[in-house]
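J.: Before I ask anything, here is the structure I am working with.
The values are calculated or read from the model by the stated rules, or taken from the named source; none is laboratory data. Bear in mind that the values here come from a model prediction, so they are computed numbers and not experimental data. Positions of Cβ are generated from backbone atoms using ideal geometry, with glycine treated the same way; all protein chains shown enter the neighbour counts. With ligands, DNA and RNA removed, areas are computed over all heavy atoms of the protein, side chains included. Shrake-Rupley method; radii C 1.70, N 1.55, O 1.52, S 1.80 Å.
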Amino acid sequence: LNAALVIGSLLNDILNQTLKPDEIIVVDSESNDETVVLSQAYPLTRVIAIKRADFDHGGTRDMAFHASIGDVVLFFSQDVIIRDDCYIETLVRATLHEGVACAFGRQIARDDAPLFEKYTRAFNYPEQSTLHSAHDIPQLGIKAYFFSDVCSAYKRDAYLAVGGFDSPVPTNEDMLIAAKFLHAGYQIAYCAEAIVLHSHR
């Protein structure tokens, strides 16, 4: 929504990756700026327009997932900055391990972020990669389900096997599907090497 100031940078970052995407889908919920026009100018990119009132964190992502063709489907928030050109390759490689359903990258706060944003990013996204399974739930509690669609990748067959995102879901669709994966016997990968800059003021 109204991503004209950032969408070009994100699409350039995606198109300049070592592992190129087969397609890029931009879901636009009635932007009032040049988001759609700018997005349509990029190769491999198509825009799916929805009504703003119809946006739902679970349902909209599920719709986009089913509109995609990849064996591994990545999600990005419009305002991330991908740190290097190996991001997609790193995240996709993590999903290819046996039993892994999904993977998510590390978020680092921008330099201009408030201190609490920097602290929460540092706490939630450490420098070490991890692999979680249902066996980790007693030790980690709710943190076993921690996952973020700001920068994530899903294996298509695993996503379909658990029924995809729930809907309607106003927030935390990522943690809810993470719980479904763990309880279905899958693992979740956190890739500290796959870095994006992301924070809010």
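J.: Hey, can you tell me all the residues within segment 61-84 that are in a helix (DSSP H, G or I), over 12 Å from the mean Cα position of the chain (by Cα) and charged (D, E, K, R)?
T.: Answer for segment 61-84, where residues must be in a helix (DSSP H, G or I), over 12 Å from the mean Cα position of the chain (by Cα) and charged (D, E, K, R): just ASP62.
Let's see how each residue does on (1) over 13 Å from PHE104 (Cα atoms); (2) over 13 Å from the mean Cα position of the chain (by Cα); (3) surrounded by fewer than 21 Cβ atoms within 10 Å (Cβ to Cβ); (4) at pLDDT 95 or above:
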{"residue": "HIS135", "(1), (2), (3), (4)": "yes, yes, yes, yes"}
{"residue": "CYS151", "(1), (2), (3), (4)": "no, no, no, yes"}
{"residue": "ARG156", "(1), (2), (3), (4)": "yes, yes, yes, yes"}
{"residue": "THR171", "(1), (2), (3), (4)": "yes, yes, yes, no"}
{"residue": "ALA178", "(1), (2), (3), (4)": "no, no, no, yes"}
{"residue": "ALA184", "(1), (2), (3), (4)": "yes, yes, yes, yes"}
{"residue": "ALA194", "(1), (2), (3), (4)": "no, no, no, yes"}
{"residue": "HIS198", "(1), (2), (3), (4)": "yes, no, no, yes"}
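J.: Here's something else I'd like to know. Those residues that are within 14 Å of ALA153 (Cβ to Cβ) and either in contact with a Lys or Arg (Cβ under 6 Å, 6 or more places away or on another chain) or assigned to a helix (DSSP H, G or I) (or both), I need them from segment 174-194; list them, please.
T.: Here is the first cut: in segment 174-194, the residues within 14 Å of ALA153 (Cβ to Cβ) are 174, 177-178, 181, 186-191, 193-194.
Hits for segment 174-194 are ASP174, ILE177, ALA178, PHE181.
J.: Within the set of pairs 6 or more residues apart or between chains, which connect a residue that is at positive phi inside segment 146-175 to a residue that is among the hydrophobic types (A, V, I, L, M, F, W, C) with Cβ atoms less than 7 Å apart?
T.: GLY164/PHE65
J.: If you don't mind, another one. Considering (1) under 28 Å from ILE24 (Cβ atoms); (2) among the polar types (S, T, N, Q); (3) open to solvent by 40 Å² or more (accessible area, probe 1.4 Å), say which one THR90 fails and leave the rest.
T.: The one condition THR90 does not meet is (3).
J.: Considering ASP112, ASP85, which residue is open to solvent by 50 Å² or more (accessible area, probe 1.4 Å), of a type in the set (D, E, K, R) and modelled with pLDDT under 95? So that I can check it myself, show each step before the final result.
T.: On the way: ASP85 fails: modelled with pLDDT under 95.
Only one candidate passes the filter, namely ASP112.
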